[in-house]
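Here is the structure we will look at.
The values are calculated or read from the model by the stated rules, or taken from the named source; none is laboratory data. From a predicted model like this one, the values you see are computed outputs, not experimental measurements. Cβ coordinates were reconstructed from backbone atoms using ideal geometry, including for glycine residues, and neighbour counts include every protein chain displayed.
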Amino acid sequence: MGIISLLLILVNVIVSYQGFKNSTFYNKYKFRVDAVLLYKDYKRMVTSGFLHVNWMHLIFNMLALYFFSGSLELYLGPVKFLLIYFLSLIGGDLLSLFIHRNDGDYDSVGASAGVTGVMFASIALFPGMHIGLLFLPISIPGWLFGLIYVLYSIYGIRSRKNNIGHDAHLGGALVGLLIAIIIQPSALINNTWAIVIIMLPSVFFIYMIITRPHILLIDNYFFRKHSDAITVDHKYNIERANKQQEIDRILEKIHRKGMHSLTSKEKQMLEEYSR
């Protein structure tokens with residue numbers, strides 16, 4: 001394992017531990033959509049990658065980084081390795097930012113995007129390497145692991161069944177894969193089929209959410225998590241009506257008492273609405 005990988009793990013542990021102890025520190029540096037879009041606090045797209053929710057979250061990510069970083073750092077060198085890691089962190093948050101751009105309260109932390117970037121860079125360069133499955137005495141080729149991981153991430157983004165940042169994972173993975181190809185163009189020639197197999201579902205999914213963003217809102221056979229009594233469309237209309245009522249209340253308060261009477265939360269809501 002290289003010295004840069006060890007330093008990354010050490011910094012993650014130190015910064016995460018500070019976040020565990022100090023909620024103000026945690027909230028100041030975590031990724032949050034409105035902090036980035038409204039207040040241009042772009043540093044959060046990197047600093048959030050060194051915070052974690054709890055020890056289990058931290059340990060899992062650091063173990064993954066430990067197992068995947070060694071050969072990649074030795075093969076590419078510390079500078080190119082760091083380039084992949086940090087660009088993957090940013091790429092993961094950019095995809096999260098796009099998907100959750102209308103959800104100002106969305107926040108996330110974790111090194112997962114950087115770690116998946118390292119994983120997929122390794123797969124792009126060594127698609128035949130075997131990856132062991134957690135707690136199972138079997139391993140599968142790297143390209144197959146990459147394909148399964150991408151499909152699972154897409155499923156996770158669509159289903160929203162848990163609190164895992166699948167969008168950041170997918171964004172980090174794709175950026176890591178692409179940067180590895182840019183750094184080592186011969187990988188695209190030598191490993192064309194493996195890279196194409198991984199890229200096709202990812203590119204198609206991103207194309208779909210850009211051109212048809214409503215697919216992230218609509219119930220269907222595979223992703224039905226709402227009761228028949230209230231569909232996603234109904235829920236959206238209800239939330240929109242409730243928000244409009246809240247804005248009307250704030251405007252009425254301004255009319256009666258003036259702008260100075262608003263709380264910070266009301267001002268923030270008014271600013272988001274005006275955007």
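When F204 is tested against (1) at pLDDT 85 or above; (2) over 25 Å from the mean Cα position of the chain (by Cα); (3) over 22 Å from F68 (Cα atoms), exactly one condition is not met: (2). Just one of the listed residues (A173, A168, A180) is modelled with pLDDT of 90 or more, within 17 Å of the chain's Cα centre (by Cα) and on the phi < 0 side of the Ramachandran plot, and it is A173.
Regarding F67, is this residue more than 15 Å from the chain's Cα centre (by Cα), among the aromatic types (F, W, Y) and at pLDDT below 90? Answer is yes for this residue.
Applying the condition of being assigned to a loop (DSSP other than H, G, I, E, B) and free of Cβ contacts under 8 Å to residues at least 12 places away in the same chain to the range 125-136 and asking which residue is surrounded by the most Cβ atoms within 10 Å (Cβ to Cβ) yields L133. Exactly one residue among L89, L74 is surrounded by fewer than 16 Cβ atoms within 10 Å (Cβ to Cβ), in the same structural domain as I210 (by TED's automatic domain parsing) and in contact with a Gly (Cβ under 8 Å, 6 or more places away or on another chain), and that residue is L74.
Considering the conditions (1) under 15 Å from the mean Cα position of the chain (by Cα); (2) closer than 24 Å to E272 by Cα; (3) surrounded by fewer than 21 Cβ atoms within 10 Å (Cβ to Cβ); (4) not aromatic (F, W, Y), H57 is excluded by exactly one of them, (2). Does I189 count as more than 26 Å from E73 (Cβ to Cβ), surrounded by fewer than 20 Cβ atoms within 10 Å (Cβ to Cβ) and over 22 Å from the mean Cα position of the chain (by Cα)? Taking the combined requirement at face value, the residue does not satisfy it. Tell me, please, whether a residue that is touching a strand residue (DSSP E or B) at 6+ places or on another chain (Cβ under 9 Å) and either surrounded by fewer than 18 Cβ atoms within 10 Å (Cβ to Cβ) or outside the structural domain of R32 (by TED's automatic domain parsing) (or both) can be found in the range 103-119. Checked the range 103-119: at least one residue is touching a strand residue (DSSP E or B) at 6+ places or on another chain (Cβ under 9 Å) and either surrounded by fewer than 18 Cβ atoms within 10 Å (Cβ to Cβ) or outside the structural domain of R32 (by TED's automatic domain parsing) (or both).
State yes or no: is S122 small (G, A, S), touching a residue at least 60 places away in the same chain (Cβ under 8 Å) and touching a Ser or Thr at 6+ places or on another chain (Cβ under 8 Å)? Taking the combined requirement at face value, the residue does not satisfy it.
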